[in-house]
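Colleague: Please see the structure below; I have some questions.
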Amino acid sequence: MGHFVNVEDLSSNQVMHLIDRAIAYKKGEVKHVTGHVVNMFYENSTRTKHSFEMAQYRLGMHIINFEVQTSSVQKGESLYDSLLTMKALGVDTAVIRHFDDNYYEPLMNLGINIVNAGSGCGSHPSQSLLDMMTIYEEFGNFETLTVAIIGDLVHSRVAHSNMQLLKALGARVLLVGPKWYFNERMLQWGEYVDIETAIEISDVVMMLRVQLERHDDVMLMSAEGYHESYGLSLERQKRMKPHAIIMHPAPVNRNVEIADALVECSQSRIVRQMENGVYMRMAILESVMEG
């Protein structure tokens with residue numbers, strides 16, 4: 001039985017193995033992975049959901065898409081009981097996105113592989129690994145790099161996974177954002193610095209979406225004010241290192257966390273992240289299905 005639920009469970013060697021496998025798939029390696037997989041997305045998704053579907057299709061897996069809005073979830077069925085049903089029907093692996101940070105903990109002994117496709121504000125391990133793949137493709141290492149993670153740090157599961165994994169891989173991690181989107185416990189993985197410093201010294205500038213759907217209160221400043229104080233503006237981009245790259249897990253709030261003109265500029269790797277997501281998720285599914 002294989003589970004893929006957070007980056008904390010992965011050694012550096014395992015991470016590099018997954019990166020190598022994803023790159024091999026990107027170069028054209030073809031492999032058939034036998035299995036029945038169900039995609040269970042309790043939160044909205046475009047990139048992650050369809051990226052997993054494409055990965056499953058390319059691996060030749062049998063795919064079931066569990067539609068929350070038309071399922072017995074609407075009658076009060078729990079995630080546990082829905083997954084118990086999928087297991088009884090013959091499903092081997094469940095790719096799940098859920099609003100609970102630790103939804104997977106009571107599911108680990110059900111006899112079905114769990115792949116975490118995003119858990120509340122907790123973790124997003126497949127996004128983190130595709131980000132590591134994108135960085136590795138660009139620079140060939142992590143140890144010499146300074147990576148700035150900028151924005152809504154406290155609500156971003158991508159930020160939580162990336163700061164932990166980058167630290168483990170040897171990168172210097174800079175954390176940037178409003179004080180009300182920051183938590184002191186994050187200092188075990190990175191340094192809290194101002195945005196102007198981070199922009200000028202970083203090799204990777206990783207912007208985060210302001211996750212309004214996870215906030216108890218409305219945004220504490222206007223979109224224009226946020227962009228001016230914490231966004232990647234055209235002026236700030238000019239002060240980046242020439243070789244530095246721009247990343248963003250998307251969806252992008254254009255002209256909030258990042259200027260519209262920078263989403264597809266020469267330094268941006270945002271579209272490449274989306275492309276790499278398919279290959280990394282192929283590698284993850286292969287690893288889970290083959291133990």
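Colleague: To the nearest 10 square angstrom, what accessible area does S266 show with a 1.4 Å probe?
Modeller: About 110 Å², rounded to the nearest 10.
Colleague: Something else now. What does the accessible area of M274 come to, in Å² to the nearest 10, when a probe of 1.4 Å is used?
Modeller: Approximately 80 Å² for this residue.
Colleague: Could you calculate the FRET efficiency of K31 with S229 from 1/(1 + (r/R0)^6), where r is the beta carbon distance between them and R0 is 51 Å, rounded to 0.05?
Modeller: 0.60
Colleague: Just need the relative contact order of the chain here, percent rounded to a whole number, with Cα pairs under 8 Å and 6+ apart.
Modeller: With pairs under 8 Å counted, the relative contact order is 23 percent.
Colleague: Just list whichever of K49/K241; K31/K241; K49/K179; K49/K75; K179/K238; K167/K238 have alpha carbons separated by over 29 Å in the model shown.
Modeller: From the list (K49/K241; K31/K241; K49/K179; K49/K75; K179/K238; K167/K238), the Cα-Cα distance tops 29 Å for K49/K241; K31/K241; K49/K179.
Colleague: Out of the DSSP beta bridges found with both residues in the chain, what percent are antiparallel (nearest 5)?
Modeller: 5
Colleague: How would you classify segment 2-67 from its alpha-carbon gyration tensor, with a ≥ b ≥ c the square roots of the eigenvalues: rounded for a/c under 1.5, else prolate if a/b is greater than b/c, otherwise oblate?
Modeller: Verdict is oblate for segment 2-67.
Colleague: Tell me, what % of the accessible area of segment 176-286 is carbon and sulfur with a 1.4 angstrom probe?
Modeller: Percent of accessible area from carbon and sulfur atoms in segment 176-286: 51.
Colleague: Only loop residues by DSSP count here, and only those with at most 16 other Cβ atoms within 10 Å; note down the GluC sites (Glu not before Pro) in segment 1-61 that meet that.
Modeller: E29, E43
Colleague: Moving on. To the nearest 500 deg cm²/dmol, what mean residue ellipticity at 222 nm is calculated for the chain from DSSP H runs of n ≥ 4 alone, each contributing -39,500 (n - 2.57), summed and divided by the residues?
Modeller: -11000 deg cm²/dmol
Colleague: Taking every pair of distinct Cα atoms and averaging 1/r, then inverting, what Kirkwood hydrodynamic radius in Å comes out for the chain?
Modeller: One decimal place: 19.5 Å for the Kirkwood radius.
The values are calculated or read from the model by the stated rules, or taken from the named source; none is laboratory data. Being a predicted model, the structure only gives us computed values, none of them experimental. Neighbour counts run over all protein chains shown; Cβ positions are idealised from the backbone, glycine included. Surface accessibility is based on the protein's heavy atoms, side chains included, excluding ligands, DNA and RNA. Shrake-Rupley method; radii C 1.70, N 1.55, O 1.52, S 1.80 Å.
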